[in-house]
Amino acid sequence: MTSQEIRQQFLDYFKSKNHLIVPSAPIVLKDDPTLMFSNSGMTQFKDYFLGYKEPKAPRIADTQKCLRVSGKHNDLDDVGRDTYHHTMFEMLGNWSFGDYFKKDAIDFAWELLTEVYGIPKENLYVTIFEGDATENLERDQDAYNFWKSHISEDRIINGNKKDNFWEMGESGPCGPCSEIHVDLRTPEEKAKVSGLELVNNDHPQVVEVWNLVFMEFNRKADKSLEKLPQQHVDTGMGFERLCMALQGKSSNYDTDVFTPLIAKVEELSGKKYTGVLEDEKDIAIRVVVDHIRAVSFAIADGQLPSNGGAGYVIRRILRRGISYSYRFLDMKEPFLFELVSVLQNQMGKFFPELEKQGKLVTEVIKSEEESFLRTIERGLIRLDSIIKETQEKGGKILAGDKIFELYDTYGFPADLSRIIAEEKQLTIDEEGFEKHMYIRIEDSRIGSAFKVFDWVVLEEKPENFVGYDQIEAETYITRYRKVENKDGEFYQVVLSNSPFYPEGGGQIGDKGILENAVESFEVLGTKKENGLIISLINGLPKDAGAVFYAKVNATERKNSQANHSVTHLLHEALREVLGTHVEQKGSFVGPDYLRFDFSHFSKMTEEELALIEEKVNAKIKENIALQEFRNIPIQEAIDKGAMALFGEKYGDNVRMIQFGTSKELCGGTHVQHTSEIGHFKINSESSVAAGIRRIEAISGDKSEEYFRNLEKQMMDISQLLKSKDPVKSIEKLMEENAALKSEVDALKKEKAKGEIGEWKTAYEHKGDKQLLVKKTSLDAGSVKDIVFQLKKEIPTSVTIVLSDYDGKPMITVGISDDLAASYQAGTIVKDLAKEIQGGGGGNPGFATAGGKNLDGLENAYQKALNV
């Protein structure tokens with residue numbers, strides 16, 4: 001049975017049990033402040049469990065892309081070193097939202113595994129929650145009783161809170177669970193040790209294959225548990241492990257989920273995969289084929305590698321794969337990108353985003369490989385220098401701050417530094433390294449991180465967003481909670497009627513005022529969390545239940561929605577000018593400017609940018625009226641021509657925004673007519689990553705301000721030049737400047753010629769060389785000309801020139817060719833540059849260094865006399 005057949009049988013089975021089959025949600029999360037990535041099958045249904053949204057159906061089944069590389073659920077370090085851990089994996093799941101509970105969930109699981117898939121019953125074990133006195137949780141007796149009808153009692157194992165009480169994170173839905181484990185050992189192995197002893201003991205052939213979670217509780221911020229409004233079922237079956245069991249393999253990597261990828265790695269690297277756990281080559285191959293899946297799906301869902309947040313995690317995964325292939329597969333050139341097409345052939349049918357975004361994924365990965373391979377080369381040179389410095393001092397431990405510098409500045413993997421150090425019989429100051437890592441993490445966390453307290457609920461009532469139609473509203477607070485960060489104490493409030501737009505779709509959240517006759521609070525920002533629109537205010541009302549008046553900052557809203565509307569016009573114009581391959585890959589919309597990222601594989605020309613501006617401004621002048629379709633079925637919107645973006649999570653009903661022929665699914669706020677945008681001006685076009693370009697632009701008030709400033713600058717220039725034709729005057733000044741520069745250059749050369757004669761007579765014989773150490777005020781170009789001439793004319797010479805030109809210190813070193821084996825200009829200049837707080841370099845025969853400390857030239861001079 002192939003992996004594709006196994007996946008299809010799962011979905012067909014639950015469809016026969018009246019489950020709605022839904023597609024996987026994006027692996028990258030954009031609207032959940034508690035998670036970067038979907039780390040389980042239940043993530044996309046979190047709002048259903050919490051009661052914030054009505055489920056599409058009471059019974060649902062799917063296969064969900066998951067990523068576990070950070071936080072509580074982190075499998076990254078295990079990947080490659082065993083047979084069953086992965087970063088990206090598929091979670092097959094069936095769900096009940098207030099419908100069936102433990103009995104049906106257990107019956108379904110048993111029937112599918114034993115009767116449909118045909119796994120021998122004697123190979124299965126199950127676990128149940130044994131209870132936990134510290135939380136007043138009793139043993140899951142119901143689950144035990146239901147399992148007894150399927151499996152002998154001696155195969156039902158009590159499990160502790162760690163293994164049998166499932167929690168998605170620090171807070172959120174949770175509950176007791178029953179795990180199903182499969183014993184894949186041979187009869188001979190089973191005769192030696194009972195499977196009972198191996199369950200949950202990390203045995204590679206006795207593995208958990210399915211987890212049935214019975215959602216009953218919500219974990220609050222204070223760690224207490226409260227009952228959910230309804231009981232739910234959340235199950236998750238590891239697709240890769242299931243394939244291992246059904247295909248009779250001893251490793252996930254031996255299944256056809258991975259074998260095509262492994263075969264391609266073997267072809268490209270010339271290395272044979274043998275499946276040995278401890279073999280570094282085989283570990284590297286497992287790492288590569290695992291990581292390419294994680295990175296490809298993340299990029300396809302819109303998350304590009306970057307230096308922060310979720311993008312940093314993706315870059316780290318990719319660099320880990322490149323690092324392993326570099327070290328153990330001898331792959332010094334990019335090759336991971338060639339695996340993307342294999343992945344498309346395997347999974348494109350079930351995950352069409354791989355097909356749609358294949359070219360982009362390939363180009364981004366290739367670009368990242370090229371960049372990081374250069375980083376590895378530079379890092380190796382720097383690490384070699386650190387090792388030499390340590391050994392010269394008789395040390396055996398590499399400084400933790402130096403290894404952290406390699407990691408933080410160069411992106412050089414710390415584990416690669418450790419391996420190379422061990423090869424040199426050295427170790428790393430791990431404590432020092434970890435200290436600097438902690439400081440880096442804390443520095444990035446402090447300032448943005450909030451300590452969040454539990455909600456105080458004043459009224460259980462649906463909240464309304466009225467911000468599409470009005471920017472002021474009478475309202476009251478339905479719930480609030482305290483939050484703290486380094487700047488003090490704040491409060492987040494949920495309003496019965498909120499005109500404040502919550503951050504989303506690239507548009508920043510609204511700011512404004514919340515006030516009544518008694519008191520007034522500044523609204524510092526608005527976001528959406530678990531279906532709630534949350535505004536941050538700078539205090540707690542004396543009477544939180546009183547009636548307030550909410551007012552959006554009208555100027556900022558007007559400018560933000562002008563910038564948002566123009567991104568729609570920009571998107572359409574880009575597709576018209578560059579081609580329909582253009583697709584939005586991210587945006588930022590604020591009151592001052594807009595940023596628009598899109599897929600395109602070459603730098604835009606000035607002509608293309610001008611045409612884009614022309615098309616957008618033509619649409620603005622047409623004064624096209626907004627057509628808005630609220631809460632319509634998504635298929636209806638797509639049938640009307642709306643563009644749906646890969647990586648975005650859409651509900652069954654959506655909002656469609658139309659300006660003439662521009663039609664997009666969008667939740668943001670917009671102008672009523674395009675003329676309200678005013679004027680559109682592109683400020684810059686640049687590259688974000690391979691295949692991704694970025695346009696930054698302005699409109700509305702900022703566009704008017706830009707042209708006012710431009711007009712003022714032209715007037716100021718005209719006044720300075722005392723000319724009504726500043727262009728002609730500037731051209732004349734440039735001609736005069738060029739003539740004067742030629743005269744100055746000629747004078748410098750004459751002065752340099754006069755210096756050469758004197759310098760030739762100033763060499764002193766020292767040991768095996770003729771040494772000249774000279775101070776001068778000549779410019780760098782003149783010094784270079786002189787040094788090169790002296791190198792040729794003075795044999796066995798070392799020439800060192802210390803310059804003070806225009807208040808800036810510079811050191812120049814020249815070595816005659818006949819001393820190349822004895823002296824290195826770069827080494828000498830690097831040592832002398834320390835005195836002027838500078839650095840530089842060059843080749844063995846010529847090197848220069850600039851610095852910051854002019855007073856240090858005298859020390860450098862005295863040191864140079866002893867070269």
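At a 10 Å Cβ-Cβ cut-off, how would you order Tyr253, Tyr100, Tyr273, Tyr549, fewest neighbours first?
Tyr549, Tyr100, Tyr273, Tyr253
Could you work out how far apart the two model spin labels at Asp716 and Tyr549 are, taking each label as a point 7 Å from the Cα in the direction of the beta carbon, and quote it in nm?
4.2
Roughly what would the spin-label model give for Asp415 and Asn136, points 7 Å off Cα along C-beta, in nm?
It works out to 4.4 nm between the two label points.
Going down the list Lys15/Lys585; Lys121/Lys192; Lys551/Lys712; Lys393/Lys435, which pairs span over 26 Å between their C-alpha atoms?
Violating the 26 Å limit, Cα to Cα: Lys15/Lys585; Lys551/Lys712.
If packing is taken as the average number of other Cβ atoms within 10 Å across a peptide's residues, how do 592-602, 222-232, 354-364 rank, most packed first?
For the peptides 592-602, 222-232, 354-364, the packing ranking is 354-364, 592-602, 222-232.
Kindly write out, for the stretch 5-14 in residue order, the coupling ³J(HN,Hα) from the Karplus curve 6.51 cos²θ - 1.76 cosθ + 1.60 (θ = phi - 60°), rounded to whole Hz, with x marking Gly and Pro.
Each residue's phi maps through the Karplus curve to give 5, 4, 4, 5, 4, 4, 5, 5, 4, 6 Hz.
For a Förster distance of 35 Å, can you work out the FRET efficiency between the beta-carbons of Lys760 and Asn853, rounded to the nearest 0.05?
The calculated FRET efficiency here is 0.70.
Considering amide H positions built from the backbone, and no H for Pro or chain starts, which residues 5 or more places from Lys511, or on another chain, come under 5 Å of its amide H?
Residues meeting the amide H criterion: Asn553.
Using 0.36 nm per residue, how much length does the chain from Lys728 to Lys486 gain when fully extended, once their Cα-Cα distance is taken away?
81.5 nm
Given contacts defined as C-alpha pairs under 8 Å and at least six residues apart, what's the relative contact order of the stretch 461-570, whole-number percent?
29 percent.
Once you have a ≥ b ≥ c as the square roots of the Cα gyration tensor eigenvalues for the stretch 274-412, tell me rounded if a/c is under 1.5, and otherwise prolate or oblate according to whether a/b is larger than b/c.
It comes out prolate by the Cα gyration axes.
Going 7 Å from the Cα of Glu614 toward and past its Cβ, which residues in the stretch 664-702 have a backbone nitrogen under 17 Å from where you end up?
The answer is 680-682, whose backbone nitrogens lie closer than 17 Å to the label point.
Antiparallel as a % of all DSSP beta bridges within the chain, to the nearest 5?
Restricted to the chain, the bridges split so that about 85 percent are antiparallel.
Evaluate E = 1/(1 + (r/R0)^6) for Glu474 and Lys834, where r is the Cβ-Cβ distance and R0 equals 60 Å; express this FRET efficiency to the nearest 0.05.
Computed FRET efficiency for Glu474 and Lys834 comes out at 0.30.
What shape does the stretch 558-707 take by its C-alpha gyration tensor, where a ≥ b ≥ c are the square roots of the eigenvalues and a/c under 1.5 counts as rounded, a/b above b/c as prolate, and the rest as oblate?
Oblate, since a/c reaches 1.5 and b/c is not below a/b.
Counting pairs of alpha carbon atoms under 8 Å apart in space and at least six apart in sequence, what relative contact order in percent does the stretch 282-435 give?
So the answer I get is 19 percent.
At what distance in angstrom do the alpha carbon centres of the stretch 517-575 and the stretch 289-329 lie from each other?
Taking the Cα centre of each part, the stretch 517-575 and the stretch 289-329 sit 35 Å apart.
Once you have a ≥ b ≥ c as the square roots of the Cα gyration tensor eigenvalues for the chain, tell me rounded if a/c is under 1.5, and otherwise prolate or oblate according to whether a/b is larger than b/c.
In terms of gyration-tensor shape, oblate.
With θ taken as phi - 60° and the coefficients 6.51, -1.76 and 1.60, list the Karplus ³J(HN,Hα) couplings across the stretch 535-542 in order, rounded to whole Hz; mark glycine and proline as x.
Whole-Hz 3J(HN,Hα) from phi for the stretch 535-542: 10, 8, 10, 9, x, 10, x, 5.
Would you order Leu574, Leu733 from fewest to most other beta-carbon atoms within 10 Å of each residue's own beta-carbon?
Leu733, Leu574
Between Gly586 and residues 5 or more places away or on another chain, which pairs have amide H atoms under 5 Å apart, with H built 1.01 Å from N, and which residues are they?
Answer set, sorted by chain and number: Asp597.
Using the Karplus curve 6.51 cos²θ - 1.76 cosθ + 1.60 with θ = phi - 60°, work out ³J(HN,Hα) for each residue of the stretch 107-118 in order, rounded to whole Hz, and write x for Gly and Pro.
4, 4, 4, 5, 5, 5, 5, 8, 9, 7, 7, x
May I ask which of Lys784/Lys852; Lys511/Lys621; Lys30/Lys528; Lys223/Lys486; Lys396/Lys830; Lys46/Lys663 have a Cα-Cα span longer than 18 Å here?
Checking Cα-Cα distances, Lys784/Lys852; Lys511/Lys621; Lys223/Lys486; Lys396/Lys830; Lys46/Lys663 exceed 18 Å.
What percent do you get for the relative contact order of the chain when only Cα pairs under 8 Å and 6+ apart count?
7 percent.
Using alpha-carbon positions, what is the distance between the centroids of the stretch 643-671 and the stretch 220-268, in Å?
So the separation of the two Cα centres works out to 33 Å.
What is the calculated FRET efficiency for Leu626 to Glu189, with r their C-beta to C-beta distance and R₀ = 56 Å, to the nearest 0.05?
E(calc), rounded to 0.05, equals 0.20.
Rounded to whole Å, give me the distance from the Cα center of the stretch 34-49 to that of the stretch 170-196.
Rounded to whole Å, the Cα centres lie 25 Å apart.
Taken together, the values in this text are just the output of simple stated rules run on the coordinates, not laboratory data. Being a predicted model, the structure only gives us computed values, none of them experimental. Cβ: placed from backbone, ideal geometry, glycine included. Neighbour counts: every protein chain shown.
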